[in-house]
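Here the structure is laid out as structure tokens; the discussion comes afterwards.
None of the figures in this text is laboratory data; all of them are computed from the coordinates on show. Being a predicted model, the structure only gives us computed values, none of them experimental. Note that we place each Cβ from the backbone using ideal geometry, even for glycine, and neighbour counts take in every protein chain shown.
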Amino acid sequence: MGRLLTSEELQKRNIVSFVSVCSRCGLGYDSFEHIFMACSVAALVWVGLQGYAKRCFR
Ligand SMILES: [Zn+2]
């Protein structure tokens, strides 16, 4: 964690002054937790990657 430059990480590093809303779904703050746990758009990517991995490693 901390290496993914979310809006939350940029704010912690004083690069931006506030944490913005997720640019993918617009339903939560742009944070590590949101991307990996709650973002519905990112979840589609994870599901797609899971399907791709299953096809590759049969
Ligand atoms: Zn989101």
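Residues in segment 8-26 that are more than 8 Å from the ligand (Cβ to nearest atom), surrounded by 15 or more Cβ atoms within 10 Å (Cβ to Cβ) and hydrophobic (A, V, I, L, M, F, W, C): 10, 19.
Restricting segment 27-58 to residues that are over 22 Å from residue 3 (Cβ atoms) and surrounded by 11 or more Cβ atoms within 10 Å (Cβ to Cβ), the residue that is farthest from the ligand (Cβ to nearest atom) is 44.
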